[in-house]
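A quick write-up on the structure given underneath.
Taken together, the values in this text are just the output of simple stated rules run on the coordinates, not laboratory data. From a predicted model like this one, the values you see are computed outputs, not experimental measurements. With ideal geometry, Cβ positions are generated from the backbone for all residues, glycine too; neighbour counts draw on all protein chains shown.
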Ligand SMILES: C[S@@+](CC[C@H](N)C(=O)[O-])C[C@H]1O[C@@H](n2cnc3c(N)ncnc32)[C@H](O)[C@@H]1O
């Protein structure tokens, strides 16, 4: 549970999977469709990045501040037999500078809570 600061890292994996049992359904409800390019901003352990990469055939960028989260998200994408266009271990504030191309959608899920000073 420890991370770069208290708001990084993920909650207990079993609890997270109980809370989000069907990430693909969530992504579809959000209007994400094959053909779109999507940024998973603050991707965490890849709970959404894996299904997302599968849904849009790898047209995904993932950003997270915590290198341990990026590593877990990479494993999750591999578990979905998929790939992404790029990973960035960086502050979300840098997203516009980092992305090589515009995206159709930015997914920002369950993030920016408990940030010191907010
Ligand atoms: C609770 S997790 C949610 C992960 C994922 N979006 C999900 O819904 O499963 C929040 C993630 O946001 C990342 N994060 C927090 N502040 C960030 C920032 N300023 N820039 C990039 N990532 C950040 C944390 O490292 C953590 O992995």
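What the table below lists for this structure:
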item: GNM top mover of 66, 45, 101 - the chain, alpha-carbon springs below 10 Å; result: 101
item: Quarter of the Cα convex hull surface for the stretch 25-118, i.e. its orientation-mean projected area (nm²); result: 5.9 nm²
item: Taking 18, 47 and counting other C-beta atoms within 10 Å, the order from fewest to most; result: 18, 47
item: Full-extension gain in nm, residue 13 to residue 29, via 0.36 nm per residue minus C-alpha separation; result: 3.5 nm
item: Least to most buried among 26, 84, 106 (fewest other Cβ within 10 Å first); result: 106, 26, 84
item: Full-stretch length increase - residue 108, residue 81 - with 0.36 nm per residue and alpha-carbon distance subtracted; result: 7.4 nm
